[in-house]
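In what follows, a single structure is set out as structure tokens and then discussed.
The values are calculated or read from the model by the stated rules, or taken from the named source; none is laboratory data. It should be emphasised that the depicted structure is a prediction, and the values quoted were computed from it without experimental measurement. Here the Cβ is made from the backbone with ideal geometry for all residues, glycine too, and neighbour counts use every protein chain on show. Keep in mind that these areas ignore ligands, DNA and RNA; they rest on the heavy atoms of the full protein, side chains included. Shrake-Rupley method; radii C 1.70, N 1.55, O 1.52, S 1.80 Å.
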Amino acid sequence: MKATITLLPGDGIGPEVIEQSAKLLQTVASRFGHDFTFNEAMIGGIAIDKTGNPLPDETLRLGEQSDAILMGAVGLPKYDAAPIRPEQGLLKIRKHFGLFANLRPVKAYPVLADFAPLKAHLLEGVDMLFVRELTGGIYFGERQEQGDGNSAYDTELYTVPEVERVAHVAFRAAALRRKKVTSVDKANVLAAMRLWRKTVVKVHEDYNDITLEHVLVDSCAMHLLTRPASFDVLVASNMFGDILSDEASVLAGSLGMLPSASLGDGRFGLYEPVHGSAPDIAGQGKANPIGTILSAAMLLRYSLALETEAQAIENAVEAALATGARTADIAGGGPWLSTSEFAQEVITRL
Ligand code: IPM
Ligand code: MN
């Protein structure tokens, strides 16, 4: 098949992991007889450096002309206190394309069990999917930080349709998995979270073969570590999903392992690793490319409907790990491969 993929390397380790993942996608194309065209555009700190805008119009234009976007990461310490921040580019692009559902699969790799900080028996069978609401809630609510400098506020606001559509994504995903949805909220305190729970309960009426559990977010943070294998699909607000998925990355061995897919109503999607730009290790070959490589697999699965190819990438990653190939973050002090060497191990096994 013919497809156009826009690459947004972004900041920090973004360019390194994108370069390797593009190489891998190119290998998939030649191995399976596809024709992928790659465009490259700017987002984040690099875009502010060059144009003053974290999301230039040219990036949106190229994105609109493509089947999917593969992004690295955004964020640079020098913009920490700046009025225009790299992260604004990411929030804007999610909103622009209506990407309201962010899928973040987390599974424990048995070959990394000894490395993980949790006891090995707790990790057995860990395989969950976060469905994070991505274009609403406190990330996009009214905020105020000027005034007298003595106060600031953010607003958590959800509408019924916003909760409904992301809940449908979660229930449909669960139907193809172990048929359980855990809805995360803080309904004991927050009004927006009471609306969240009420709406999820209502949507659940369409899915009577799916078990629905409600867990308060604080309790969920604990249960992710005490009973991680009991979770199948978790559906959470923008902020809660952000926080809990970083926590859950510990179960996979490292934040560097987690991929994500941000989807809207159609096939178009934006794919990015869950990790950030990690400026402290940028340019040293220490970045783990797995999160981006597995995001590329999700791109093939969801935007291009190439399930066989997606699985080939996932299998190649597992095979590389099984032979003992490790990046710095999962080497536990042992020998490790650079970003490009590890990616090459995966490419070889395709
Ligand atoms: C993520 C990141 C972003 C978020 C930041 C960089 C804006 O942490 O994708 O999880 O909070 O959504
Ligand atoms: Mn995050």
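Points worth noting:
- Scanning region 191-213 for residues that are surrounded by fewer than 16 Cβ atoms within 10 Å (Cβ to Cβ) and outside any helix (DSSP H, G or I) returns GLU205, ASP206, ASN208, ASP209, THR211, GLU213.
- Scanning region 47-84 for residues that are open to solvent by 70 Å² or more (accessible area, probe 1.4 Å) and part of a loop (DSSP other than H, G, I, E, B) turns up GLN65, ASP80, ALA81, PRO83, ILE84.
- Residue in region 227-236 that is surrounded by 14 or more Cβ atoms within 10 Å (Cβ to Cβ), part of a loop (DSSP other than H, G, I, E, B) and either touching a Gly at 6+ places or on another chain (Cβ under 9 Å) or of a type in the set (Ser, Thr, Tyr) (or both) present: no
- Any chance VAL126 is open to solvent by less than 40 Å² (accessible area, probe 1.4 Å), more than 16 Å from ligand 2 (Cβ to nearest atom), touching a strand residue (DSSP E or B) at 6+ places or on another chain (Cβ under 9 Å) and not assigned by TED's automatic domain parsing to the domain that holds ARG61: yes
- For region 49-83, a tally of residues being more than 19 Å from ASP265 (Cα to Cα), within 14 Å of ligand 1 (Cβ to nearest atom) and touching a residue at least 12 places away in the same chain (Cβ under 8 Å) returns 10.
- Note on region 100-117: residues that are among the hydrophobic types (A, V, I, L, M, F, W, C) and within 15 Å of ligand 2 (Cβ to nearest atom) amount to 2.
- Considered as a group, the residues in region 64-78 that are within 13 Å of the chain's Cα centre (by Cα) and small (Gly, Ala, Ser) include one that is farthest from ligand 2 (Cβ to nearest atom), and that residue is GLY72.
- The lone exception for ILE243 - which of (1) buried (at least 23 other Cβ atoms within 10 Å of the Cβ); (2) within 10 Å of ligand 2 (Cβ to nearest atom); (3) of a type outside the set (Phe, Trp, Tyr); (4) over 22 Å from ILE313 (Cβ atoms) it fails: (1)
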